[in-house]
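*Asks:* Could you have a look at this structure, given as structure tokens, before my questions?
The values are calculated or read from the model by the stated rules, or taken from the named source; none is laboratory data. Since this is a predicted model, take the numbers as computed values, not measurements. In this analysis, Cβ positions are derived from the backbone assuming ideal geometry, glycine residues included, and neighbour counts consider all displayed protein chains. In case anyone asks, the SASA skips ligands and DNA or RNA and just uses the protein heavy atoms, side chains included. Shrake-Rupley method; radii C 1.70, N 1.55, O 1.52, S 1.80 Å.
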There are 4 protein chains.
Amino acid sequence: MKGIVVTPGKVGAVIKDIEEPGPLKPHQVLLKTLYTGICGTDRGIVTNMLGFVRPPPDAQELVLGHEGLAEVLEVGDEVSGLRPGDMVVPMVRRPGGCLQCSIGRQDNCEDGDFVEAGIRGLNGFMRERFADEEQYLIKVEDKSLGRLAVLTEPLKNVVKAYEVYTTLAKRFGVLCKDSTYGCKSVTVAGMGPIGMLFAMIFATNEFNVRAFDIHDTRGTAAGIAKQVGFEFFTVDGMPEDIMKSDVFVDATGNPGVVGSALNGVKRNGFVILFGTSSGGEYKLTGELVTQLVEKNTTVFGSVDGAKEHYLEALNYISMWRDMFPHALDMLITDEDKPEGAITNLIKKPQGEIKRVIRWG
Amino acid sequence: MKGIVVTPGKVGAVIKDIEEPGPLKPHQVLLKTLYTGICGTDRGIVTNMLGFVRPPPDAQELVLGHEGLAEVLEVGDEVSGLRPGDMVVPMVRRPGGCLQCSIGRQDNCEDGDFVEAGIRGLNGFMRERFADEEQYLIKVEDKSLGRLAVLTEPLKNVVKAYEVYTTLAKRFGVLCKDSTYGCKSVTVAGMGPIGMLFAMIFATNEFNVRAFDIHDTRGTAAGIAKQVGFEFFTVDGMPEDIMKSDVFVDATGNPGVVGSALNGVKRNGFVILFGTSSGGEYKLTGELVTQLVEKNTTVFGSVDGAKEHYLEALNYISMWRDMFPHALDMLITDEDKPEGAITNLIKKPQGEIKRVIRWG
Amino acid sequence: MKGIVVTPGKVGAVIKDIEEPGPLKPHQVLLKTLYTGICGTDRGIVTNMLGFVRPPPDAQELVLGHEGLAEVLEVGDEVSGLRPGDMVVPMVRRPGGCLQCSIGRQDNCEDGDFVEAGIRGLNGFMRERFADEEQYLIKVEDKSLGRLAVLTEPLKNVVKAYEVYTTLAKRFGVLCKDSTYGCKSVTVAGMGPIGMLFAMIFATNEFNVRAFDIHDTRGTAAGIAKQVGFEFFTVDGMPEDIMKSDVFVDATGNPGVVGSALNGVKRNGFVILFGTSSGGEYKLTGELVTQLVEKNTTVFGSVDGAKEHYLEALNYISMWRDMFPHALDMLITDEDKPEGAITNLIKKPQGEIKRVIRWG
Amino acid sequence: MKGIVVTPGKVGAVIKDIEEPGPLKPHQVLLKTLYTGICGTDRGIVTNMLGFVRPPPDAQELVLGHEGLAEVLEVGDEVSGLRPGDMVVPMVRRPGGCLQCSIGRQDNCEDGDFVEAGIRGLNGFMRERFADEEQYLIKVEDKSLGRLAVLTEPLKNVVKAYEVYTTLAKRFGVLCKDSTYGCKSVTVAGMGPIGMLFAMIFATNEFNVRAFDIHDTRGTAAGIAKQVGFEFFTVDGMPEDIMKSDVFVDATGNPGVVGSALNGVKRNGFVILFGTSSGGEYKLTGELVTQLVEKNTTVFGSVDGAKEHYLEALNYISMWRDMFPHALDMLITDEDKPEGAITNLIKKPQGEIKRVIRWG
């Protein structure tokens, strides 16, 4: 069977013939891959920019892919909640032995002793078939979601970060006089799939959302913004006060953007860090530290998400499909066959928001 | 009567004859000042380093002093909870009209429309007598606390920041396997009164606390640390891993310290910003931003405190007086008469932790 | 224009010609009623069983109806968020002067000084047209929801109660080992619209839900249960352990059911009280009190909901319309014209879950 | 050595010669008992009124005593935090295998699979010496607390219940306009040690506390109330509105008292159940259920406490010793030698609040 494979430490990815999954263990499920998504991390792996990538133990190569959607082919003897024909999203990160991992929160792993499918220590989902433990498979109850369900994995990151925000916001007890979030403004920087999903989750929870990106080649960001009901700007046309909001979401990883947000955010404001990058810098001054104190600012990073966030992500997908019938479909801008994906794994083509690979 | 007075916009403070408080309004209380504390903000005002200082409306001069302890001399007709002879701590910040102010949380004021006694728009407590509204006076039930009660004001800042920490820490659900904070480490940078009180509050809530400062001229910090049960280091003798803790408290405002803390803090860690300063800088890089994301880091500023925090501060003072009979007394390293305070308001003498002025 | 009118203190309701709304004030909106729902409270009013019903000041009669859906005909000069043609759900309860009311939480009013449209002190929505303040109107962004949006009002009660549950459940820190609610069981007593919506909200948040009612004349409850994915039983066919769950929702108000739930609920369990009634009784014994202590039981009542819950209710309606295309439509079992509603307002016909009135 | 021993299933307790603890295991500590407290549960065991009492596996007899204070005599090889001469309070409940037990919250055990020293499945502390695991021993840092530290165990129950209250109270977001609890009233029923400690914890957190009991033979309750600053009434002299409070704490277990509290508690009120009993009953009616709904009432039971609550209890003891120098000493009304305790274990003598036994 085919799989897309990298060699950690080297640049490039190849599609090649790889081993079929072995005989099923009692808690395992045999799966046929339907779709996989491509994200910045995949490109970081393929271009060998990420230090933490590693193959499974005793291997040199790593099967790529952590955004997956698959169909159940066969179930082990002790699998109770899945049957052939079911559609599932596999979880990326698998727990180690720390306290957070022991309560299902490997997204908050305390010691780094976890593995991540397609990233570190575990083969990923860019292959025709694979076997996995039932406990790491999220059932997609509504199969009519089709390829939209491949958005579950990126969206679960956003659902977690949003939940962390609502938890941290309790430091202020009450947010708006009418009990809603309607008086609060959000700015999202970076309109890749993650930034887009952040804009959507805040907008459907009644925040006033503005978002920006460097450009919008195909006009997709503007189109989705219109449907969902938020404002989109390219950097050239941004209002001057775009950094002055109650919540700032950075989906760029750019220190300059983060620094401007720290400066611009309102009293009692929040800066959510999700983007990662390797370049750039910003001068953190004593004046800025003083401002963060005087303004009761909260800044937080958030990575990955737990099983509960995968499940909630599926709920959001259903909700959005009903509310904005075309928005999620527009967000998946490109679809490749496995063979066609290789070149697109090296460099993000212009205008892409989310690219997926269709298997079989 | 005597008062210590500054002219915002100019360097220096003078002790001079000022006006007695006018006739009492129904909700007002006439007070005789017992003690006032001196803090970095006072010195910032006197040396004209702080941009936000302003006199009361229609005045040029400002009576200094926001850390106060006073005795009730007389009460207005509609005062119900105070009687002559009672001991009180007056609140610093007074509310404006925003939502947070309307629920008693002017420490979280949303629009900056507040006044602060001795700092902006309202005369302070460094004068022999003053009148104030009952609602802004915290009764000290136990008069035997004496001058220790002047620590209520700085401590309320620490109590608030600690409460914010415990609220934000809920993003991780569970902290240690035995239900306590005993597995968590805290590093405090800066052993002025605020840093010292942070070390004390974390230590008495079972965290493992380490603290450091540039030096410890009189050995007071080391002495208190020993009594309270935390570790103190001067920067020369610091362990290499001092920045690697679960919680880092910055009471210096130094961007270099803050930057090192952001780099060093453990997974799921917190950096608490309380210190303010005008100098220094630190390079915020893409690598650091990425780390904050990957490590689920939370950074927050916290300023001032609400009435509830003043009350809780008094509870901590009682608790600590019983637990560490000498620690709080040691923390008040110096006591001046009003006349003697003027020179010490310009420059912090070596070895001082908290200096107070005794009135009358 | 037509309206359905009661005289508080007397049995019966009439449809009659009533006054048109007066000239619009600047913050008001003129509305054309599309649908109103009928619930148990309406029948309690019509049969004069509820002590708290009262007409508007200086009136003898009260226009009935608190579950509404309307179309904007015209807006006042200072209305900024609504335009003619928009679809809205009007809020039932309007604030008094207490602290909770001042933060938009009149659902948690502390002193009872509120009014409720169609119930106490304010005319309701069972009339062809009415004028209302913009701030009490919830915009239905997706007009394609049609009459389903009339479920917003009852659902907002359920959304609030569910949110209260999740807040109170924090007393246990962690619920299931996999971070979800998947290990928790819920029993819902009473399959009227409220019980049905409780079953739906718990089921879509991954709880294992069982529900029961005395009977299910038309089989609607069983049909919806099958679609949504919970178990439904009539009392004759209930499993013996139906009372042994982690969460028990009482939508009956029957003290016998509540008492059995208090007895049956598991350790760390919750009993949610939403149903109200005037009859029945249950012996609260010392043994039962002891059990509630030993088992860390939480029992709570919840009434009404805030603006945030109306908004979230609309999100759930969209989500459910996508997930279970027919379930909500099945829940609206009956639709009357205003004239036809009068007899059905006296007595609930067999097999009804939610009955609505179509206006115009 | 001497120990006080019961035979579960039979009435009575004897003091007799029992076996010395065996050789120390690496994580164990050899302890010399200083004080043990006597509480209602002990009397329930001695009079054979409690169904759940059981001896250790393979034993017929049970050493009584779960409120202990002891001195370290010797430590095992792997004990790191205790040394001979240290003073400790041993924990009562020891974990089983459920999720709550695995995070140090055996007080919230989900399946009942725990043991409790002196109550079920584990010998207690009413003996001259015993060995215990370091992890279940709470170090008393301040040895000057002396016998007051024996109050740690009952107080940890109260600390937990108070913490649960503050968690559940978040359902209302904001409590008083000035950010404190000063606008809230509390009524405590039953002035045994638990009720007394509840009154103290609420009073020192700024609530307005009233408390009542059937009588106050020696005037101790009135004396402590005066010092601490709450109001005490005997049932004959109670104000009519004593049941109308924001928080009601039942420390009686009497269904009549609980029922009156459910009826009387204000809107948004809380009823805390801690007392247990075997007699009495109260009619739970439909009207009362309706009230609990309409008034957003919360009722909760709370049992035991976790390690964090033992530690916080010690903090409260220090705080109270400083604030109310005689109150805690007055609360320990009686002190017996082991031999003298036997008759007092059968029946509570009049006027007793807390009785302790002094060992060695």
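*Asks:* If I build a Gaussian network model for chain D, linking alpha-carbon pairs within less than 10 angstrom, which residue out of D:ASN205, D:ASN268, D:ASN254 has the largest mean-square fluctuation?
*Replies:* For chain D, modelled as a Gaussian network with Cα springs under 10 Å, the answer is D:ASN205.
*Asks:* Here is a follow-up. To the nearest 10 Å², what's A:LEU30's accessible area with a 1.4 Å probe?
*Replies:* 30 Å²
*Asks:* Say we join alpha carbon atoms closer than 10 Å with springs in a Gaussian network model of chain D; which of D:THR33, D:THR290, D:THR276 then has the biggest fluctuation?
*Replies:* Its mean-square fluctuation being the largest, the pick is D:THR290.
*Asks:* Right, another one. Just going by the charge dipole of chain B, with Lys and Arg at +1 and Asp and Glu at -1 on Cβ, which of B:LEU99, B:THR33, B:VAL188 is farthest out on the positive end?
*Replies:* Among B:LEU99, B:THR33, B:VAL188, the one farthest towards the positive end of the dipole of chain B is B:VAL188.
*Asks:* Still on this structure: C:LEU73 to C:SER144: extension gain in nm, 0.36 nm per residue of separation minus the Cα-Cα distance?
*Replies:* In short, 23.7 nm is gained.
*Asks:* Take the Cβ-Cβ distance between D:ASP236 and D:VAL14 as r, set R0 to 51 Å, and report the resulting FRET efficiency rounded to the nearest 0.05. Spell out each step's value before the answer.
*Replies:* On the way: r = 40 Å, r/R0 = 0.78.
It comes to 0.80.
*Asks:* What is the dipole size for the protein assembly as shown, taken about its Cα centre, with +1 at each Lys and Arg Cβ and -1 at each Asp and Glu Cβ, in debye to the nearest 20?
*Replies:* Charge dipole of the protein assembly as shown: 0 debye, to the nearest 20.
*Asks:* Work out which trypsin sites (Lys or Arg not before Pro) in chain A are exposed loop sites (DSSP not H, G, I, E or B, at most 12 other Cβ within 10 Å) and give the longest gap free of them.
*Replies:* After excluding every exposed loop site, the longest remaining stretch is A:11-346.
*Asks:* Sticking with this one: Could you tell me which of rounded, prolate or oblate describes the protein assembly as shown, using a ≥ b ≥ c as the square roots of the eigenvalues of the alpha-carbon gyration tensor, with rounded for a/c under 1.5 and, failing that, prolate when a/b is larger than b/c and oblate otherwise?
*Replies:* Values: a/c = 1.24, a/b = 1.15, b/c = 1.08.
It comes out rounded by the Cα gyration axes.
*Asks:* Further question on the same structure: With a 1.4 Å probe on protein heavy atoms only, work out how much accessible surface A and B bury together, total over both chains, in Å² to the nearest 100.
*Replies:* The contact between B and A buries close to 4500 Å².
*Asks:* So, with +1 on the Cβ of K and R and -1 on the Cβ of D and E, and no other charges, what is the size of the charge dipole of chain C about its Cα centre, to the nearest 20 debye?
*Replies:* That gives chain C a dipole magnitude of about 540 debye.
*Asks:* Give the aspartates and glutamates reachable from B:LYS244 as a straight Cα distance under 14 Å; neighbours fewer than 8 places away on the same chain don't count.
*Replies:* A:GLU110, A:ASP111
*Asks:* Distance from the Cα centre of region B:87-127 to that of region B:233-282, in angstrom?
*Replies:* Distance between centres, Cα-based: 29 Å.
*Asks:* For the pairs A:LYS295/B:LYS348; C:LYS160/D:LYS226; A:LYS184/B:LYS307, note any where the Cα-Cα span goes beyond 32 Å.
*Replies:* C:LYS160/D:LYS226
*Asks:* Let me make sure I get this right: for region D:1-123, a, b and c are the square roots of the gyration tensor eigenvalues over alpha carbons, sorted descending. Under 1.5 in a/c it's rounded, otherwise prolate if a/b > b/c, else oblate. Which is it?
*Replies:* Values: a/c = 1.85, a/b = 1.18, b/c = 1.58.
Taking the square roots of the gyration eigenvalues as a ≥ b ≥ c, region D:1-123 is oblate.
*Asks:* Per 20 Å bin, what percent of the C-alpha pairs of chain A does each bin hold, from zero upward?
*Replies:* 29, 58, 13, 0
*Asks:* Starting from a label point 7 Å past Cα on the Cβ side, list the distances from D:ASN48 to the same position in the other copies, nm, shortest first.
*Replies:* List, nearest first: 6.1, 8.2, 8.9 nm.
*Asks:* A further question on this structure: For region A:230-360, report the translational diffusion coefficient in µm²/s to the nearest whole number, using Stokes-Einstein at 25 °C, 0.890 mPa s, and a Kirkwood Rh over Cα pairs.
*Replies:* This corresponds to a translational diffusion coefficient of 137 µm²/s.
*Asks:* Please compute the average number of Cβ atoms from other chains found within 10 Å of each residue's Cβ in peptide A:275-285.
*Replies:* 6
*Asks:* Could you tell me which of A:VAL140, A:CYS176, A:VAL150 has its Cα farthest along the dipole of region A:134-197 towards the positive end, charges placed at Cβ (Lys, Arg +1; Asp, Glu -1), taken about the Cα centre?
*Replies:* A:CYS176
*Asks:* Within region D:4-87, which GluC sites (Glu not before Pro) sit in a loop by DSSP and count at most 13 neighbouring Cβ atoms inside 10 Å?
*Replies:* D:GLU19, D:GLU78
*Asks:* How much accessible area per residue does region C:177-261 have, counting only protein heavy atoms and a probe of 1.4 Å, in square angstrom? Each step should come with its number before you reach the end.
*Replies:* Working: 3010 Å² over 85 residues.
I get 35 Å² per residue for region C:177-261.
*Asks:* Can you give the local net charge around D:LYS184? Use residues other than it whose beta-carbon is closer than 10 angstrom to its beta-carbon, Lys and Arg +1, Asp and Glu -1.
*Replies:* Working: positive: D:LYS266; negative: D:GLU206, D:ASP246.
Net of charged neighbours comes to -1.
*Asks:* Same structure again: Which aspartates and glutamates does C:LYS177 reach when only Cα atoms under 12 Å apart count, and residues fewer than 8 places away in its own chain are ignored?
*Replies:* A:GLU308
*Asks:* About its Cα centre, what dipole magnitude does region D:217-267 give when the only charges are +1 on Lys and Arg Cβ and -1 on Asp and Glu Cβ, stated in debye to the nearest 20? Working shown, then result.
*Replies:* Details: 5 positive and 6 negative charges, 23 e Å.
So the magnitude is around 120 debye.
*Asks:* Quick one: among C:ILE38, C:ILE119, C:ILE342, which has the greatest mean-square fluctuation in a GNM of chain C with alpha-carbon springs under 10 angstrom?
*Replies:* Checking each option, the largest mean-square fluctuation is seen for C:ILE342.
*Asks:* Now, a different point. Would you work out which of D:MET238, D:ASN263, D:ASN208 lies farthest towards the positive end of the dipole of region D:194-303, given +1 charges on the beta-carbon of Lys and Arg and -1 on that of Asp and Glu, about the Cα centre?
*Replies:* D:ASN208
*Asks:* For B:GLY219, place a label point 7 Å out from Cα along the Cα→Cβ vector, do the same in each other copy, and report the separations in nm, one decimal, smallest first.
*Replies:* 5.2, 7.9, 9.1
*Asks:* Moving on to the next point. Rank B:VAL63, A:VAL75 by accessible area, highest first, at a 1.4 Å probe radius?
*Replies:* Greatest to least solvent exposure: A:VAL75, B:VAL63.
*Asks:* Mind running the shape call on region B:76-230? Use the C-alpha gyration tensor, a ≥ b ≥ c as the square roots of the eigenvalues: rounded below 1.5 for a/c, prolate if a/b tops b/c, oblate otherwise.
*Replies:* The shape class here is prolate.
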